[in-house]
Amino acid sequence: MITTMAFLKARAGLSRSEFVDHYENHHVPLILSLAPAPAYYARNYLPEGAEFDVVTHMKFSDEATRQAWLALVLAEGSGVVEDEERFLDRSRTRAWMVDERVS
């Protein structure tokens, strides 16, 4: 299983409720309309005042599946970048594949 974590910051001027609403009711449906859902796809909203506003946690069965998913989501004309610019400070986005250990 490939696990990725993305740390995202809201665009300046958005309230927390506007940010969460846009992410859950606009961005997630857009993503899911472009590509099959990852094996696991969760948004973890952090307390106000944290360095980031949300940690997005995704799992894919293998690297080929992750790459195919990214190709669909980030394809030219998908609208994802334009949508992210509506609610994220994309200059602050940080993402990593992580070595997840579950007990």
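Bear in mind these aren't lab numbers, they're just calculated from the coordinates by the rules spelled out. Just so you know, these numbers come straight off a predicted model, no measurement behind them. With ideal geometry, Cβ positions are generated from the backbone for all residues, glycine too; neighbour counts draw on all protein chains shown.
May I ask you to derive the relative contact order of the chain, considering only C-alpha pairs under 8 Å and at least 6 residues apart, and to give it as an integer percent?
48 percent
Quick one: if you stick a label point 7 Å off each Cα along the C-beta vector at A6 and V98, how many nm between them?
1.5 nm
Between S17 and S91, what is the label-point separation in nm under the 7 Å Cα-to-beta-carbon projection?
2.9 nm
What number comes out for the charge environment of T3, summing +1 per Lys or Arg and -1 per Asp or Glu over other residues with Cβ under 9 Å away?
My count for the surroundings of T3 gives -1.
Please work out the Cα center distance from segment 23-49 to segment 55-103, rounded to the nearest Å.
The distance from the Cα centre of segment 23-49 to that of segment 55-103 comes to 10 Å.
Would you compute, from DSSP H runs of 4+ residues alone, the mean residue ellipticity of the chain at 222 nm, taking -39500 (n - 2.57) per run and dividing by the full residue count, rounded to the nearest 500?
It comes out at -8500 deg cm²/dmol, rounded to the nearest 500.
Tell me the label-point distance for the pair S61, L30, using the 7 Å Cα-to-Cβ offset, in nm and rounded to one decimal.
Each label point is offset 7 Å from its Cα along the Cβ direction, giving 2.8 nm.
Report the local net charge at D83: Lys and Arg +1, Asp and Glu -1, summed over other residues whose C-beta lies under 12 Å from its C-beta.
0
To the nearest 20 debye, what charge dipole does segment 1-102 have about its Cα centre, counting +1 at the Cβ of each Lys and Arg and -1 at the Cβ of each Asp and Glu?
160 debye
Just order 91-101, 65-75 by mean Cβ neighbour count inside 10 Å, highest at the front, would you?
The most tightly packed comes first, giving 65-75, 91-101.
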